[in-house]
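See below for the structure under consideration.
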Amino acid sequence: MTHHLRSGYTTGACAAAAAKGAAQMLVSKTLVTEVSIDLPAGGNATFQLHGQSFSTHEASCFVIKDAGDDPDITNGAEVWATANPPSPPCLEGGSKINIVGGIGIGTVTKPGLAVPPGEWAINPVPRTMIEQAVGSVLSEFKIHHPEFKIVISIPDGEERAKKTLNARLGIIGGLSILGTTGIVRPISAKAWTDTIDASLDVAKACGCRTVILSTGRSSEMAAQQHFSQLTEEACIMMGDHVAYALQACAKRDFMEPIIACQFAKLLKIACGYENTHAAASELDLAVLRGWAEAAHISPEIVAIIAQANTAREIAVTTDFDRALMTLVAGRATLAAAVHAPGILMYPLLCRYDGGIIDDKKFHYPQACCGI
């Protein structure tokens, strides 16, 4: 029996729904339990409202973020909206819908993102969704205000944001209100790739000359210690998405990126895999053995490869044999150029104790001196 994965909704869609509910209660002075909004991807969606309260001058409610079968850090969050007109209704003229962030919404402090520094981290598409959702209520009730204020908040947003890369991207104090379609597709990896794109945009806007792509936090920390002069904007957490990250680098003219990773990941990159996750790339050590034999690596090392069960075992047992490490690093550099033609990738091989293999045969780009 096939299990169909369930889609969810973006924080932008939830914010627009909550804003519509709050606006509708403010102008109708009646309880609203659910609302429907149009989605940028087409069609519409209905959301249940919670925590409703309203008076003559303010109304509030929240939507519970449901990410479907692709839960992220915002799954289950309460996305609140408060509607409040600062002046009495007028019957002529249009309405200005002023959207601001409240508790748990971050502010942007670095260039390169969809929102300029100094603004609330509420992206353009969600802003448009909120404006359209609130505007539909005002049109329905034929009510116009000189300025209609909508405050979006996520009560525990600051705590949730600590588990994201927001601070590195320059989003301080909370979460972002995101989404371009309104829908979260399950197991799409889009959250990862969107973060890679945003991180590279920030690095470019901050003047970084090259970047370090890391497969995990331990490798990133080793790279940060080794290249102590680098800025945090130059550190890009790519996870397993090696091909996507390299192609995204090439689009932004980062043509000499460094990849910081441990040996097993480096070997998968050398094998040409686009994604190094265990589910997407099977590691065949017989391939490594063939490379070693063809390169005339010592018989003792070849024997270790033949008997090993894991790549880590090979690295540790051979004490990161320089000839073998250099062989794999060279093949990884060639494989990277297949994913992103013209790119020259430099490997930074990380030990399992948090250090790095400082192989003098690995020549890092001159730009590393001024990352």
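The values are calculated or read from the model by the stated rules, or taken from the named source; none is laboratory data. Every value quoted in this text rests on a predicted model; they were computed, and no experiment measured them. When we count neighbours, we look across all protein chains shown, and the Cβ atoms used for this are built from the backbone with ideal geometry, even at glycine.
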Exercise for review: All but one of (1) surrounded by fewer than 18 Cβ atoms within 10 Å (Cβ to Cβ); (2) farther than 24 Å from residue 244 by Cα; (3) in contact (Cβ under 8 Å) with a residue 12 or more places away in the chain; (4) of a type outside the set (A, V, I, L, M) hold for residue 193, so report the exception by its number.
Suggested key: (2)
Practice item. Filter the stretch 275-309 down to the residues that are exposed (fewer than 13 other Cβ atoms within 10 Å of the Cβ) and of a type in the set (D, E, K, R), then identify the one that is nearest to the chain's Cα centre (by Cα). Key: 282
**Study point:** residue 201 being assigned to a helix (DSSP H, G or I), within 14 Å of the chain's Cα centre (by Cα) and at pLDDT below 95
**Key:** no
Exercise for review: Restricting attention to helices (runs of 4 or more DSSP H) lying wholly within the stretch 208-296, give those where 2 or more residues are touching a helix residue (DSSP H, G or I) at 6+ places or on another chain (Cβ under 7 Å).
Suggested key: 242-251, 263-270, 285-294
Practice item. Check whether at least one residue in the stretch 269-284 is assigned by TED's automatic domain parsing to the domain that holds residue 218, hydrophobic (A, V, I, L, M, F, W, C), farther than 23 Å from residue 216 by Cβ and modelled with pLDDT under 95, and report yes or no. Key: no
**Study point:** Test for residue 74: is it part of a loop (DSSP other than H, G, I, E, B) and closer than 25 Å to residue 175 by Cβ
**Key:** yes
Practice item. Just name the residue that is modelled with the lowest pLDDT out of those in the stretch 93-134 that are surrounded by 15 or more Cβ atoms within 10 Å (Cβ to Cβ) and at positive phi. Key: 112
Exercise for review: Check the stretch 144-159 and report whether any residue there is charged (D, E, K, R), surrounded by fewer than 19 Cβ atoms within 10 Å (Cβ to Cβ) and at pLDDT below 95.
Suggested key: yes
Revision key, fill the gap. Only one of 163, 204, 149, 110 is in contact (Cβ under 8 Å) with a residue 24 or more places away in the chain, among the basic types (Lys, Arg) and not assigned by TED's automatic domain parsing to the domain that holds residue 61, namely 204
**Study point:** Test: residue in the stretch 314-324 that is over 19 Å from residue 269 (Cβ atoms) and in a helix (DSSP H, G or I)
**Key:** yes
